[in-house]
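Down below is the structure, laid out as structure tokens.
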Amino acid sequence: MTARLSVSLHAVSVRRGDKWVLRDISLRLKAGERWALIGGNGAGKTQLLKLLSTDVWPTPTGREARIYCLGRHRVDLIAAKQRIAYIGAELQDKYARYDWNLVVCDLLATGLHRTDLLQRPVTMEERRRVAVMLEQCGLTHLQNRKFLSLSYGQQRLALLARGLVQSPDWLLLDEFYNGLDADYRRRIDALLDHAHEQGQSWIAAAHRAGDVPRGTRGLIELRAGRLRSVKRLRGADLARLAAHAQENRPRRSARPVRNASDVKDGAAGGKLLLRITGADLFVDYRAVLRDVNWDLHAGEHWAVVGANGAGKSSFLKLLYGDLSPALGGTIERSGFPRGTPIDAWKRQVGYVSPALQTDYAVNVTVLDLVASGRYASIGLSDAPTAADKKIALRWLKFFALLSVARRRPRELSYGQLRRALIARSLAGNPRMLLLDEPLTGLDPRQRSAMKRLLERLMKRQLTVIIAVHHPEDLPRGMTHTLHLHKRRARSLSEYSAT
């Protein structure tokens, strides 16, 4: 049997600026093992995965050692890197940030070449291997689609296929299940089962019990950059994660109705805020939604649900003004007559999405990032005013981000940056919040704090619209559900999520 890679870390530390993000990490990972990696936002999970993948170097202390072996034979970092595949939201964001828009079959071929972009022709044998992996992952029908035209879940599955086609010894999965519906999770579980049968190993960073891949046997826990425990994963550990994430929160039933105007809410027919009539929505010349008719009234708070690719993100972009209905459809915004610059509307609306997180590669401080929410801009064209700074610092303090106020967005963990973007959305004192999977990447403590904040804001007449997969991510006080399925939007009388 072919030897697989094992990894040993001894007294390894990583420093970023004036902060140690990892301290004195000693860890032995044997071939064939399957680990869950847990810890709060900023605990160092992503940094540890990047350290193992050789993308991050230890800070020299004179004590550190990072050793890779095949059987009893030590190999260098270059050879080790060829046997490791790192996959996560940060990698997915990178493709969007740099506009690396390859067709899917070429994307998988870059995995065989271990390059970001194709730098040489793909051989017939490589095409065959790509075709086998596309079929195994259920992606054959998408092989000629551009990567950035895929849904969030399709992109994540394509990146997994790119990693698996390399036949890596180790899969490093960084919050890999975030933003994926139940169908995609089942498909990925089956692929990982097959990887295990082939002798492959993984480490999966997770905040939820449901995000720990089936078949995982070990648990690594980090706290403030240090190892808290390394042990066998037991049912009690998963139960603790589930309890912290409130994953057992009961779901409420939902009854379908014809359209949103048929739903009677607690506000007894509040003021009309927004109306969509006969709207068809296209993205990259592909129909996403058809014939949407939807009213939003004061006092209503909507959950937008549906499978990956159903159009949830595109619907929120329509509401925000980043997308427009096709000819023949209309969207009316109360107080903003036709011809009003869309920027005037955007200043009244807070918006958070995975796409916005991708866009924030600008070279600004986190303080300026939050302050830019007052102007609905990506960064600031002028220096922040004293009032801008005061409001930004107040929200940074609320989200426990004061210590990183001078850092750049890409120096934060994924969860920290998500919290900063939520703070940005609130800095402009909006009258409406559009939140696309807002709690993705947040640890249980931060998710709980965010839900409590949303509950308070909803009571103060702030309208909230949230796209979610997990029902436990919805705050109390949601009044309606909009279910997107097969390009249609159907309103439900009570909220639920899938």
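Some observations on this one:
- Among residues of the range 106-141 being assigned to a helix (DSSP H, G or I) and of a type in the set (Lys, Arg), the one that is surrounded by the fewest Cβ atoms within 10 Å (Cβ to Cβ) is Arg128.
- Matching residues, the range 426-457, being under 18 Å from Ala303 (Cα atoms), touching a residue at least 12 places away in the same chain (Cβ under 8 Å) and part of a helix (DSSP H, G or I): Arg447, Ser448, Met450, Lys451, Arg452, Leu453, Leu454, Glu455, Leu457
- Output for the range 40-90, where each listed residue is of a type in the set (Gly, Ala, Ser), surrounded by fewer than 16 Cβ atoms within 10 Å (Cβ to Cβ) and over 20 Å from Leu164 (Cβ atoms): Gly62, Ala65, Gly71
- Hey, Ala376 on the phi > 0 side of the Ramachandran plot, under 23 Å from the mean Cα position of the chain (by Cα) and in contact (Cβ under 8 Å) with a residue 40 or more places away in the chain or not: yes
- Ser448 being of a type in the set (Gly, Ala, Ser) and within 30 Å of Leu272 (Cα to Cα): no
- Residue within the range 271-286 that is of a type in the set (S, T, N, Q), at pLDDT below 80 and either out of contact with any strand residue (DSSP E or B) (no Cβ under 7 Å at 6 or more places or on another chain) or within 30 Å of Phe336 (Cβ to Cβ) (or both) present: no
- Note on the range 441-467: residues that are buried (at least 22 other Cβ atoms within 10 Å of the Cβ) and in contact with a Pro (Cβ under 8 Å, 6 or more places away or on another chain) amount to 3.
- For the range 1-39, a residue qualifies if it is among the acidic types (Asp, Glu) and loosely packed, with under 15 Cβ neighbours inside 10 Å, and exactly one does: Asp18.
- From the list Ala224, Ala190, Ala161, Ala204, the one residue that fits, being surrounded by 19 or more Cβ atoms within 10 Å (Cβ to Cβ) and either more than 25 Å from His470 (Cβ to Cβ) or out of contact with any helix residue (DSSP H, G or I) (no Cβ under 6 Å at 6 or more places or on another chain) (or both), is Ala204.
- Remark: pairs (first residue in the range 131-159, in the same structural domain as Gly111 (by TED's automatic domain parsing) and among the β-branched types (Val, Ile, Thr); second residue in a helix (DSSP H, G or I) and surrounded by 19 or more Cβ atoms within 10 Å (Cβ to Cβ); Cβ separation under 6 Å; 6+ apart in sequence or on different chains) = Thr140/Leu134.
- Looking only at the range 383-407, and only at residues there that are crowded, with 18+ Cβ neighbours inside 10 Å and assigned to a loop (DSSP other than H, G, I, E, B), the one that is farthest from the chain's Cα centre (by Cα): Pro384
- Residue list for the range 10-35, filter: in contact (Cβ under 8 Å) with a residue 24 or more places away in the chain and among the acidic types (Asp, Glu): Asp24, Glu33
- Among the residues listed as Val292, Val364, the single one being assigned to a strand (DSSP E or B) and either among the β-branched types (Val, Ile, Thr) or touching a Cys at 6+ places or on another chain (Cβ under 9 Å) (or both): Val292
- Note on the range 308-337: residues that are modelled with pLDDT of 90 or more, in contact with a helix residue (DSSP H, G or I) (Cβ under 8 Å, 6 or more places away or on another chain) and small (Gly, Ala, Ser) total 3.
- Out of Asp169, Asp174, Asp211, one residue alone is touching a residue at least 60 places away in the same chain (Cβ under 8 Å) and closer than 18 Å to Leu241 by Cβ. It is Asp174.
- Residue selected from the range 83-105 under the condition in a helix (DSSP H, G or I) and among the basic types (Lys, Arg), by the criterion modelled with the highest pLDDT: Lys94
- Considered as a group, the residues in the range 51-82 that are part of a helix (DSSP H, G or I) and without any contact (Cβ under 8 Å) to a residue 40 or more places away in the chain include one that is nearest to the chain's Cα centre (by Cα), and that residue is Lys81.
- Residue match in the range 37-45 (condition: in a strand (DSSP E or B), in contact with a Leu (Cβ under 6 Å, 6 or more places away or on another chain) and in contact (Cβ under 8 Å) with a residue 12 or more places away in the chain): no
The values are calculated or read from the model by the stated rules, or taken from the named source; none is laboratory data. Because the structure is a prediction, the values reported are computed rather than measured. Note: ideal-geometry Cβ built from the backbone for every residue, glycine included; neighbour counts use all protein chains shown.
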